Each structure stands twice: as structure tokens, then as C-alpha cells.
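The values are calculated or read from the model by the stated rules, or taken from the named source; none is laboratory data. Quick caveat, the model's predicted, so the values are computed rather than measured. Note that we place each Cβ from the backbone using ideal geometry, even for glycine, and neighbour counts take in every protein chain shown. Heavy atoms of the whole protein, side chains included, go into the accessibility calculation; ligands, DNA and RNA do not. Shrake-Rupley method; radii C 1.70, N 1.55, O 1.52, S 1.80 Å.
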Amino acid sequence: MSTQIVYGLHAVQALLKSSPQQVRELLLLRGRRDQRLQKIIAQAEKNNIKVRTVDRRALDEQVGDDGNHQGVVAICAGETRVYDERFLKELLQELDGRAEAPFLLVLDGVTDPHNLGACLRTAEAAGVHAVIAPKDKSAGLTPTARKVACGAAEVLPFVTVTNLARTLQQLQQAGVWIFGAAGEAQQDVYQSQLTGPLALVMGAEGSGLRRLTREHCDHLIKIPMAGEVSSLNVSVATGVCLFEAVRQRG
């Protein structure tokens, strides 16, 4: 049976709350007894999950050089749940039945798992219904992405699609307006109407939106920049655009 790790206090706590059945074993740093860790232990015991204390080296080996485990690692059975086009269609039908306007984030080729995790965290905080990304040439829900997401990856659907341009067309056919963020756009994000059925499309680090993605957007919008820096980090730009939409939709 394949396994995957989830690490970090927020990510593990969210996992134990949303999907405790995935956790096979919990590894905790020997000697750590603070209140946050006690809550995690209580959740694990409530769900009959094996808890084992280990030294720091054992935890470091689990997460590798890139990870700050904060003294807790969850060993999970199977792969992280990732959603597909069928789920997206069902989600749109469900939102239509509730007369609720879809609020979606599309990431066009974001390859850095830190940026993906930050985007997921921001999207969940903004009330986004799902995050969509192409299967190829994009970051997946790696342990690093889940750690940076601080629990958002466990509660916010992450939808991977085979053909992003086709998915954008299907969203348009379902009445969703596609707004793509592009530095050369004429329209300011603060001048845009972001109140209805909305999918915000953010481009890759450095290169921005791909040509085909750009062509499938109904509107291109930009963040006004007053300084010398020409662009923002994709996760920061995502936060700016999403929360302008939140302000308008509120």
C-alpha cells in the first residue's frame, strides 16, 4: 500500500479533523508537550490512531531538507485525494441548485509547491469553492504544498484537468465569467465587476498566462503597480485579486 506524509501542526490538525481515516500513524517529537500538540494527540486517540514518539532525526528524515515538520508527521494511507472534471461539473450543478454564484481559482502552470500551498490557503480563506489546475507542468499536492497551505488542502477541493482550455470553455458554457490576470491588461482589477459567477485565472511564475489560456478569458485584468517592481509573486497577486472579489461580493 502506498503512503504519503503530511507534516506541520496546522496541516496535520486539519487532516485529523476532516479525514482521520487516512492517517495510519502519527509521529511526534519526543519531549514536546505543548498545548497545540496535546490537541493533536487527543484527536488521534479519539480516532484510534497509533501515536509514536521519535527523535528529531527520524522526523527530519521523513520530510527531507525542504520541510519544517514542527514536531509532527502523519503517515497516511494512499494518495492525496485530487478531484477531476466530473467533480467540477457536479459542483457547478450543486451551486446552481443552491442559487449560489461559483467562485473559482484557476492556476495556469504554477510549478512551485510553496506558491501552490500559499494560493490554496488564500483561496480557502476567501471562500473559493474549488481550485483548478492542469495535470501537466503544474505543482501537485505534495507534502510541501500541504504544509504551506496550513490545512486548506484538506478542506478545499483541488481539481486537476487534462485540458485547461477545454475546462475554461465548459465553465463559460455554465455561465461562469473568466477573468485572467495579466500585466499588460487595460482593465484594472478594482474597476472590474467580480460579483457574479467567477473564475479567476492566475498565470505561472515569471511567464504568466499561456497564449491559449489567455484567449479563453472573457476579460483580462491587472493590478496597478506604483513601484519599480514590475510584478508580484503569484500567491500575493492571487490574494489581492481574490479579496477584491470578496469585497465586491460581500
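Some observations on this one:
- Of the peptides 237-247, 144-154, 179-189, 28-38, the ranking by mean beta-carbon count within 10 Å, highest at the top, reads 144-154, 237-247, 179-189, 28-38.
- Of LYS222, LYS39, the residue with the largest accessible area leads and the full order is LYS39, LYS222 (1.4 Å probe).
- Rounded to the nearest Hz, the phi-derived 3J(HN,Hα) couplings of the stretch 147-158 under the Karplus curve 6.51 cos²θ - 1.76 cosθ + 1.60 (θ = phi - 60°) are 5, 5, 5, 6, x, 5, 5, 8, 10, 9, x, 10, where x marks glycine and proline.
- Angle in degrees between helix 113-126 and the longest Cα principal axis of the chain, rounded to the nearest 10: 70 degrees
- Signed unit charges on C-beta, dipole axis of the stretch 50-165, positive-most listed residue PHE87, HIS114, THR160: HIS114
- Residues in the stretch 117-139 that a label on GLU100 would reach, taking backbone N under 11 Å of a point 7 Å out along Cα→Cβ: 127-130
- Per residue, in Å², the accessible surface of the stretch 147-250 once ligands and nucleic acids are set aside, probe 1.4 Å: 49 Å²
- Evaluated on the stretch 119-250, the Kirkwood hydrodynamic radius is 15.3 Å, with distances taken between all distinct Cα atoms.
- The solvent-accessible area of ASP136, taken with every protein chain present and a 1.4 Å probe, is close to 110 Å².
- Taking a straight line from the alpha carbon of LYS46, these lysines sit under 19 Å away, with near neighbours fewer than eight places off in the same chain left out: LYS17.
- Prolate is the label for the stretch 1-126. Its Cα gyration tensor axes, ordered a ≥ b ≥ c, give a/c of at least 1.5 and a/b above b/c.
- The angle between the Cα long axis of helix 35-46 and the longest principal axis of the Cα atoms of the chain comes to about 80 degrees, rounded to the nearest 10.
- Rounded to the nearest 20, the Cβ-based charge dipole of the stretch 64-201 about its Cα centre (Lys and Arg +1, Asp and Glu -1) stands at 160 debye.
- Rounded FRET efficiency, nearest 0.05, which uses the C-beta distance separating ALA125 from ASN48 and R0 of 45 Å: 0.90
- Within the shell of other residues whose beta carbon sits under 15 angstrom from the beta carbon of TYR190, the net charge comes to +1, with Lys and Arg scored +1 and Asp and Glu -1.
- Across the options GLN43, ILE75, ALA130, the greatest Cα extent toward the positive end of the charge dipole of the stretch 1-143 (unit charges at beta carbon of Lys, Arg, Asp, Glu) belongs to GLN43.
- Scanning residues 5 or more positions from THR111 or on other chains, those with amide H under 5 Å from its amide H are ALA139, GLU205, with H placed 1.01 Å from N in the peptide plane.
- Amide H partners (placed H, <5 Å) of GLY151, local residues excluded: ALA11
- Angle in degrees between helix 164-173 and the longest Cα principal axis of the chain, rounded to the nearest 10: 60 degrees
- Proximal aspartates and glutamates relative to LYS135, as straight alpha-carbon distance under 13 Å, when same-chain residues fewer than 8 apart are discounted: ASP84, GLU85, ASP108
- Here the chain has 46 percent of its accessible surface on carbon and sulfur atoms, given a 1.4 Å probe and all protein chains in place.
- Average accessible surface for the stretch 26-99: 67 Å² per residue, computed with a 1.4 Å probe over protein heavy atoms with every protein chain in place.
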